[in-house]
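Structure, as structure tokens:
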Amino acid sequence: MSTSLLEVSGLGVTYQTPTGPLAALDDVRFSIGAGESIGIVGESGSGKSTLALALLGLLPTNATTTGAVRLDGVNLLSLNRKELDRRRGKDLALVYQDALVSLNPVRTVGSQIAEVVRRHIPGTDRRAADETAIEALRRVGIPDPGRRARQYAHEFSGGMRQRAAIAMALAAGPRVLVADEVTTALDVTVKAQILDLLDDLRSTEGMSVISISHDLEAVRRITDHLAVMYAGRVVELGPTADVLSASTHPYTAALMDCAPTITRPVISFISGAPPKTAAATPACAFAARCIVSAGREACTLERPVLRPTKAHVTAACHFPLDGAAEPRHHDPIPVH
Ligand SMILES: Nc1ncnc2c1ncn2[C@@H]1O[C@H](COP(=O)(O)OP(=O)(O)OP(=O)(O)O)[C@@H](O)[C@H]1O
Ligand SMILES: [Mg+2]
């Protein structure tokens with residue numbers, strides 16, 4: 001990518017659990033420039049939400065972090081709580097999958113957004129903050145925002161609630177928006193509207209967007225770059241179109257084969273389960289499920305690192321697929 005605004009390098013997160021340490025992220029690295037967007041995809045448990053929380057400094061207390069998250073060269077992981085609080089909302093903001101996590105049920109939606117404005121834009125009086133909140137609701141396409149601002153979250157439909165959560169995240173004008181599965185619970189039409197909204201904000205306001213999703217179609221639509229995660233690591237990284245049109249990591253190819261299509265609208269799953277932790281094995285974490293690795297010793301002996309597999313794309317695989325633009329002819333990935 002071009003000059004980076006946010007640079008994640010060697011990011012590792014380990015949770016202490018009753019059964020011992022669990023490495024949820026290991027050596028995660030990617031960067032994003034102003035006005036760019038990156039999609040983070042991967043199966044459940046691959047560490048996507050852990051990554052979102054780590055970027056925002058919102059990990060629970062049983063988590064320890066290594067590596068760096070640099071915004072304009074400043075390592076956010078080295079900031080103290082107060083400094084982080086000041087930056088959160090203004091520099092980076094997070095929208096959760098479930099809008100109800102962000103919205104307080106006993107306060108009006110408008111007053112919550114106004115509070116974010118007053119916290120981050122010093123000297124804003126109450127009236128100006130209320131107006132800014134109404135404007136934020138208008139900006140995300142909520143009709144009659146003046147009236148809506150005086151309502152509570154339970155008076156909003158699912159799609160409207162998600163828009164309100166996005167309005168709140170946007171209220172202080174963050175430079176980077178992290179959206180964690182924001183469209184998962186929404187129906188197709190509302191989902192399309194929310195995706196268009198995020199894309200508009202990126203292109204018109206130069207905001208950088210990190211979109212975490214299970215949904216390859218959604219990320220294809222609104223991201224220019226893509227990081228594919230497996231068992232806490234990035235296994236393929238590059239321009240979204242290049243990664244999805246002809247994936248070079250067998251895991252990405254398997255994910256693509258499982259994605260619903262018009263002719264096969266059901267989601268299928270890659271057979272087998274991912275390892276519980278990033279550090280479980282010195283080998284390739286995908287080897288046991290990979291059709292390419294069969295009979296190839298390197299896959300079970302040595303952990304592959306990200307390296308170039310085709311123009312602009314890197315993948316962590318000893319035997320990457322050819323990644324040619326033409327459709328590949330390989331056996332279908334087994335699904336159950
Ligand atoms: N607070 C926690 N304490 C201990 N382990 C955790 C905690 N939060 C997450 N984990 C573990 O870390 C790993 C990564 O979880 P994470 O929620 O980041 O995955 P995810 O990719 O967001 O999954 P999903 O797609 O289901 O949202 C999982 O093994 C999960 O069980
Ligand atoms: Mg998650």
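The values are calculated or read from the model by the stated rules, or taken from the named source; none is laboratory data. Please read these numbers as outputs of a predicted model, since none were measured by experiment. Counting neighbours? That spans all protein chains shown, and the Cβs are built from the backbone with ideal geometry, glycine included. Side chains included, ligands, DNA and RNA excluded: accessible areas come from the protein's heavy atoms. Shrake-Rupley method; radii C 1.70, N 1.55, O 1.52, S 1.80 Å.
Some points to look at:
- Excluding same-chain neighbours fewer than eight residues apart, the lysines reachable from Lys48 by a Cα-Cα span under 16 Å are Lys276.
- Cα gyration tensor category, rounded, prolate or oblate, for the chain with a/c compared to 1.5: prolate
- Computed over the Cα atoms of region 1-157, the ratio of the radius of gyration to the Kirkwood radius (Rg/Rh) comes to 1.01.
- Across all Cα pairs in region 92-173, the calculated P(r) in 10 Å bins from zero up to the longest distance comes to 22, 58, 20, 1 percent per bin.
- Using Cβ point charges alone (K and R +1, D and E -1), the dipole size of the chain about the Cα centre works out to roughly 860 debye.
- Legend: calculated FRET efficiency, Ser203 to Thr19, from the Cβ-Cβ distance at R0 = 51 Å, rounded to 0.05, equals 0.65.
- Nearest-0.05 FRET efficiency for Gln193 and Ala241, computed from C-beta distance (R0 22 Å): 0.45
- Whichever lysines have a C-alpha closer than 21 Å to that of Lys82, once near sequence neighbours (fewer than 8 apart) are set aside: Lys90
- Farthest positive-ward along the chain dipole, Cα basis, beta-carbon charges - from Gly295, Ala227, Val116: Val116
- With 0.36 nm allotted per residue and the present C-alpha distance subtracted, the Tyr152-Leu58 stretch has 31.3 nm of extension available.
- Rounded to the nearest 10 Å², the accessible area of Cys290 at probe 1.4 Å: 20
- Computed lengthening from Ile121 to Arg296, 0.36 nm per intervening residue step minus Cα-Cα distance: 57.2 nm
- Structure remark: mean-square fluctuation, Gaussian network model of the chain, C-alpha springs under 10 Å; the largest value among Thr19, Thr65, Thr281 belongs to Thr19.
- Exposure rank, largest accessible area first [His225, His249, His214; 1.4 Å]: His214, His225, His249
- Accessible solvent surface per residue of region 92-173, calculated while the other protein chains remain in place, 1.4 angstrom probe, Å²: 48
- Counting only protein heavy atoms and using a 1.4 Å probe, the accessible area of Val74 comes to about 50 Å².
- Annotation: amide H-H contacts under 5 Å for Ala227 (H modelled 1.01 Å from N, sequence separation of 5 or more, or interchain): Gly39, Ile40, Val41.
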